[in-house]
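Asker: This structure is in structure tokens; I'll ask about it shortly.
The values are calculated or read from the model by the stated rules, or taken from the named source; none is laboratory data. Computed from a predicted model, the values in this text were never measured in an experiment. Neighbour counts are summed over all protein chains in view; Cβ atoms, including those assigned to glycine, are modelled from backbone coordinates with ideal geometry.
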Amino acid sequence: MRFFYLAFGIGFGFLLSRGGATNFDFYVQLFLFQDLQLLWMISAAVAVGLIGVMLLKHSGAHSLVGRQPIDFQGRPYRSGLILGAFLFGIGWGLAGACPGSVLAMLGEGKLAVLPTLAGLVLGTWLYGLSPIVRKFSN
Amino acid sequence: MTPVWSGWLAGSLLGLLTIALYWFANKQLGISTVYGYACQVLPGAGSFRSEEFRRNNRWRLWFGLGIPVGALLASSGDGVSFTTGMGLYEQALPEHPVVRGLVLLCAGTLMGLGARLAGGCTSGHVISGVPLMNRPSVLAGALFFVGGTVAVQVLFRVSQV
């Protein structure tokens, strides 16, 4: 199973790279509304995802591994979502990378993402550390 | 230079990958939780050491390990090259490498903390959450874009002054 998830990761990293998500300039141009390459990429992924989820739901397909009914339950609302999502966006724009593309950029040898990567661990750790933060988000 | 496909093509294939992961393994594609693994070596991160966390997220570790390999394959046409450049960001971020590093460390921290507060990142909330027509994911996705726009507009305007 682990090689199977590894293969999915390899596909994901490959497509992020081909889609331009490992190019810092596309983040600047996206948020200055100059070149919407990344917006088209995300929109296309969502559009195909919508159709795929509909087909899976209507066919009643079970997962190929484990033969479970597929869980279409979305991530729940939580009180920290609005603040957290906004803060995430600020970090996304400043760093020119997201938690997935940062790993892809590292694979391409873009060393400028190293402090961003350290920050991602630090921010995740701060969340796990603070009972106040956890209480706030539950 | 790594070749770039049209956003529509790369995005459609990303959508197919997301659906394939649902179908094969009943898993919602999302990466940000993987950073909890790195927290296991830090003090006071009890919740990331729990058996429950490990059981639910072990797959993300393998998924996360694959990402740099895939990106390397995509760009290996001209061999691996290490670069420290940041393209257009060079004009706007501080020039001093230590100061720039601190800004990026803060940016990463905002993303790490923000993703946990929001319950997902660009992949978990947007790429796999929005297709479920899950309202919290749509809201989070919209706010990701609002935050990014504010940050880049301010950063590039201030740097022009």
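Asker: Looking at region A:26-57 only, could you name the residues that are in contact (Cβ under 8 Å) with a residue 12 or more places away in the chain and not basic (Lys, Arg)?
Answerer: A:26, A:27, A:28, A:31, A:37, A:38, A:41, A:53, A:56
Asker: Just the residues that are part of a helix (DSSP H, G or I) and in contact with a Lys or Arg (Cβ under 6 Å, 6 or more places away or on another chain), please, taken from region B:1-32.
Answerer: Of everything in region B:1-32, those that are part of a helix (DSSP H, G or I) and in contact with a Lys or Arg (Cβ under 6 Å, 6 or more places away or on another chain) turn out to be B:10, B:21.
Asker: Also: For region B:72-109, give me the residue count where each residue is in a loop (DSSP other than H, G, I, E, B) and buried (at least 19 other Cβ atoms within 10 Å of the Cβ).
Answerer: Result for region B:72-109: 3.
Asker: Among the residues of region B:99-113, is any within 7 Å of chain A (Cβ to nearest Cβ), without any contact (Cβ under 8 Å) to a residue 24 or more places away in the chain and over 13 Å from residue A:94 (Cα atoms)?
Answerer: Yes - at least one qualifying residue is present in region B:99-113.
Asker: Can you tell me which condition residue B:82 does not meet? The list is (1) of a type outside the set (Gly, Ala, Ser); (2) touching a residue at least 24 places away in the same chain (Cβ under 8 Å); (3) farther than 19 Å from residue A:93 by Cα, and all the others hold.
Answerer: (2)
Asker: Could I ask something else about it? Do we find that residue B:12 is touching a residue at least 60 places away in the same chain (Cβ under 8 Å), under 30 Å from residue A:70 (Cα atoms) and within 7 Å of chain A (Cβ to nearest Cβ) in this structure?
Answerer: It is false that residue B:12 is touching a residue at least 60 places away in the same chain (Cβ under 8 Å), under 30 Å from residue A:70 (Cα atoms) and within 7 Å of chain A (Cβ to nearest Cβ).
Asker: Could you tell me which residue of region A:72-82 is modelled with the highest pLDDT, considering only residues that are at the interface with chain B (Cβ under 7 Å from one of its Cβ atoms) and in contact with a Ser or Thr (Cβ under 9 Å, 6 or more places away or on another chain)?
Answerer: A:81
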